[in-house]
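Structure record follows, encoded as structure tokens.
The values are calculated or read from the model by the stated rules, or taken from the named source; none is laboratory data. This structure is a prediction, so every number in the text was calculated from the model and none was measured. Cβ placement follows ideal geometry from the backbone for every residue including glycine, while neighbour counts extend to all protein chains displayed. Just so you know, the surface numbers come from the protein's heavy atoms only, side chains and all, with ligands and any DNA or RNA stripped out. Shrake-Rupley method; radii C 1.70, N 1.55, O 1.52, S 1.80 Å.
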Amino acid sequence: MRIVTLLPSATEIVCALGFEDRIVGRSHECDFPPSVTRAPALTEPKFNPEGTSAEIDQRVKKIVGDALSVYRVDAARLRELRPDVIVTQSQCEVCAVSERDVEAAVAEWLGARPKIVSLAPYSLDDIFTDMQRAADALDASPRGTELVAALRARLSSIAEKAGSGSERPRVATVEWIDPMMAAGNWMPTLVEMAGGVNLFGKAGEHSPWMKFDELAASDPDVILISPCGFNMDRAAQDLPALTNRAEWDGLKAVRSRRVFMADGNQYFNRPGPRIEESLEILAEIVHPELFHFGHEGTGWRRL
């Protein structure tokens, strides 16, 4: 079986199911496990990914506003690789190559067409459903069942321990800095499982735009900044859009030094097996008196 994975979480799911050696092509963003980069990248963005958060946002909105796809698929190379299964997504046109992009790339193929598996993770449960769907498509249903059961058990054990905390800090998660966006989808559920109270974004719904005034009015106990697609060093470049605000230093989270940055690119924005590490990071941040998994410095850091 020859497999092409066109988003990072799909690559991680396929590898966790034991099929890394069957991956013959990937997206330009698929980088974990590191060994998967041996496979050729078949996609690229149509916009310049350099610049500030605001500049990137404007470029992407211009492409989407023109009813164009945000990414380019190398259809000729894809056809040469002759995949049996292509794993893509339909959840977000901006985050990765979409099902529409893949369908367009294989539209003129003659003969046997590859099986297209389109992941659609909105909620935490959807992530597990997608893992099982991927396993089913790869004729490995038992592996999917085992993987999902193990991850659910691990998350449940963390949530149970987090529930014993003496407080439930109010948490604001920032998924994009300028303009500001709160984290939705599976993140509100993870915040609650980590023993916090989620302030912005609703479980199972797209991440919503927000205003700084809303953040200031809610005055959260904890602020987590984990921009989509950015590591911590890249995200830090845009922090002045928040920290230069006159109200910033007066926020409770800032005064108590409970403002944190996390690697959104590797963890929170990847709905795959490392959702476990994402919860571990949140648990360390929200309840440091209960948890120490060793992610500080690599997965998160304090501002």
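Of the residues making up region 118-147, those that are β-branched (V, I, T) and either open to solvent by 30 Å² or more (accessible area, probe 1.4 Å) or more than 18 Å from the chain's Cα centre (by Cα) (or both) are T129, T145. In a residue-by-residue description of region 240-258, the property of being modelled with pLDDT of 95 or more and closer than 16 Å to H295 by Cβ applies to no position. Within region 271-283, can one find any residue that is in contact with a Lys or Arg (Cβ under 6 Å, 6 or more places away or on another chain) and open to solvent by 10 Å² or more (accessible area, probe 1.4 Å)? Within region 271-283, one or more residues are in contact with a Lys or Arg (Cβ under 6 Å, 6 or more places away or on another chain) and open to solvent by 10 Å² or more (accessible area, probe 1.4 Å). When region 235-256 is filtered for residues that are open to solvent by 40 Å² or more (accessible area, probe 1.4 Å) and farther than 14 Å from A54 by Cβ, the ones remaining, listed by number, are T243, R245, A246, E247, D249, G250, K252, R255, S256. Is it true that D213 is under 20 Å from the mean Cα position of the chain (by Cα) and either of a type in the set (D, E) or over 30 Å from T5 (Cα atoms) (or both)? No, not satisfied. Taking region 1-47 as the range and being open to solvent by 30 Å² or more (accessible area, probe 1.4 Å) and assigned to a helix (DSSP H, G or I) as the test, the residues that pass are A16, E20, D21, R22, P34, S35, T37, R38. Number of residues in region 217-230 that are part of a loop (DSSP other than H, G, I, E, B) and either surrounded by fewer than 16 Cβ atoms within 10 Å (Cβ to Cβ) or of a type in the set (D, E) (or both): the value is 2. Annotation note: Cβ proximity below 9 Å between a residue of region 245-258 that is free of Cβ contacts under 8 Å to residues at least 12 places away in the same chain and a residue that is open to solvent by 90 Å² or more (accessible area, probe 1.4 Å) and of a type in the set (F, W, Y) (sequence gap 6+ or interchain) occurs for no pair.
All of I56, I86 fail the test of being closer than 28 Å to E276 by Cα, aliphatic (A, V, I, L, M) and either touching a helix residue (DSSP H, G or I) at 6+ places or on another chain (Cβ under 7 Å) or at pLDDT 75 or above (or both), apart from I86.
When region 191-208 is limited to residues that are open to solvent by 30 Å² or more (accessible area, probe 1.4 Å) and hydrophobic (A, V, I, L, M, F, W, C), the one that is nearest to S278 (Cα to Cα) turns out to be M193.
Restricting region 10-42 to residues that are touching a Cys at 6+ places or on another chain (Cβ under 9 Å) and among the hydroxyl-bearing types (S, T, Y), the residue that is farthest from A75 (Cα to Cα) is S35.
Quick grid of which residues meet (1) open to solvent by 20 Å² or more (accessible area, probe 1.4 Å); (2) not in a strand (DSSP E or B):
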{"position": "V174", "(1), (2)": "no, no"}
{"position": "D178", "(1), (2)": "yes, yes"}
{"position": "T189", "(1), (2)": "yes, yes"}
{"position": "L215", "(1), (2)": "no, yes"}
